[in-house]
1. How many residues does region 130-161 hold that are of a type in the set (Val, Ile, Thr) and touching a Pro at 6+ places or on another chain (Cβ under 9 Å)?
2. What tally of residues in region 35-48 results from selecting those that are touching a strand residue (DSSP E or B) at 6+ places or on another chain (Cβ under 8 Å) and either within 21 Å of Leu84 (Cα to Cα) or not charged (D, E, K, R) (or both)?
3. Only one of Gly182, Gly157, Gly250 is of a type outside the set (Asp, Glu) and either modelled with pLDDT of 95 or more or on the phi < 0 side of the Ramachandran plot (or both); which?
4. Only one of (1) assigned to a helix (DSSP H, G or I); (2) within 16 Å of the ligand (Cβ to nearest atom); (3) over 24 Å from Asp196 (Cα atoms) is not met by Asp104, so which one is it?
5. Quick check on region 65-78. Is at least one of its residues among the polar types (S, T, N, Q), without any contact (Cβ under 8 Å) to a residue 40 or more places away in the chain and within 15 Å of the ligand (Cβ to nearest atom)?
6. Quick one: which of Leu203, Leu158, Leu197 is over 23 Å from Ile72 (Cα atoms), within 16 Å of the ligand (Cβ to nearest atom) and surrounded by 18 or more Cβ atoms within 10 Å (Cβ to Cβ)?
7. Name the single residue that is surrounded by the most Cβ atoms within 10 Å (Cβ to Cβ) among those in region 39-59 being within 22 Å of Asp103 (Cα to Cα) and more than 9 Å from the ligand (Cβ to nearest atom).
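The values are calculated or read from the model by the stated rules, or taken from the named source; none is laboratory data. Fair warning: this is a prediction, and the values are worked out from it, not measured in the lab. All Cβ positions, even for glycine, are placed from backbone atoms using ideal geometry, and neighbour counts span all protein chains on display.
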Amino acid sequence: MSSAEPPRLLHFRVSHFNEKVRWALDHKRWPHVREAVRPGLHERRIRRLTGQTKVPVLVLDGEAIAGSARIIDELERRQPDPPLYPADAAERTRALAIQQHFDDQVAPDVRLLFWSTYVADSAATARVLADGFGRGTGLLYRATVPILRARFRKNIGLDAVNIAGARDRLAGHFDRLERALGPSAFLVGDRFTVADLAAAAILTAIVRPPQFSYPIPEPWSPGLVELRRSVEHRAGFRWVLETYARHRGGSAEITPPR
Ligand SMILES: N[C@@H](CCC(=O)N[C@@H](CS)C(=O)NCC(=O)O)C(=O)O
């Protein structure tokens, strides 16, 4: 292991981009500390560390790295074994392009669709945002979600036109995934790579596989149940479930050293 201090992951539990990095750390069995930050209240700290406000952020040997793809690249560089990048250069280029497609095209759409099923219900939204924190945070979100809602909608582009666009594109996202898979269980080559990790992690926003470490509170919003049901028949949906069952593995999270 290259670091003296374990890496510290600042993350949102519910987020698919954050799940990418958790999975990469777990895949490499890299002991790390996780610190969930409170959505909306995280900004000042994350901006101070990285000059922007998005998580995941990984603090590695004192350096704060933002962006799931950049973080995974750094993990791969420092600890190439077990690999997430294919050894073959052409396959590696293809795997990274698939990751980029899921990050740039699919992730915003599925995030939008997920939150579109919650945002009108303040109590349900507050439950998701506060999940895993104490009672005080629950009460805080219960009081502030109605006020923060406009900013939240703006931040992720949550409006009727964008939601309709994301809905229209959803089948196409599955078509493209299924074409890339063909008869194989893997997106690139004949083993698990960053392409599989990124595609499956990003689609958790809708697929919600049982191995996802932070299941969203029950009952799910009726809209999410319906959204998930609308893609359940897709081979790509089943592939996400199977990929999680076969490859997600256990957590390498450790409690912070005192
Ligand atoms: N391209 C970034 C996107 C990360 C991202 O969008 N994170 C969202 C949560 S899903 C976030 O932190 N939003 C809060 C904010 O924008 O302040 C990555 O791959 O990590």
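1. Within region 130-161, the subset of a type in the set (Val, Ile, Thr) is 137, 144-145, 147, 156, 161.
If we keep only those that are touching a Pro at 6+ places or on another chain (Cβ under 9 Å) as well, we get 156.
Residues flagged as of a type in the set (Val, Ile, Thr) and touching a Pro at 6+ places or on another chain (Cβ under 9 Å) within region 130-161 amount to 1.
2. Qualifying residue count for the region: 4.
3. Working: Gly182 fails: either modelled with pLDDT of 95 or more or on the phi < 0 side of the Ramachandran plot (or both); Gly157 fails: either modelled with pLDDT of 95 or more or on the phi < 0 side of the Ramachandran plot (or both).
Testing whether each residue is of a type outside the set (Asp, Glu) and either modelled with pLDDT of 95 or more or on the phi < 0 side of the Ramachandran plot (or both) leaves just Gly250.
4. (3)
5. Initially, region 65-78 is screened for residues among the polar types (S, T, N, Q), giving 68.
Imposing the further condition that a residue be without any contact (Cβ under 8 Å) to a residue 40 or more places away in the chain reduces the set to none.
The answer is no; no qualifying residue exists.
6. Working: Leu203 fails: over 23 Å from Ile72 (Cα atoms); Leu197 fails: over 23 Å from Ile72 (Cα atoms).
It is Leu158.
7. Leu58
Per-residue answers, yes or no, for (1) buried (at least 17 other Cβ atoms within 10 Å of the Cβ); (2) outside any helix (DSSP H, G or I):
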site: Pro183; (1), (2): no, yes
site: Leu187; (1), (2): yes, yes
site: Pro209; (1), (2): yes, yes
site: Ser230; (1), (2): no, no
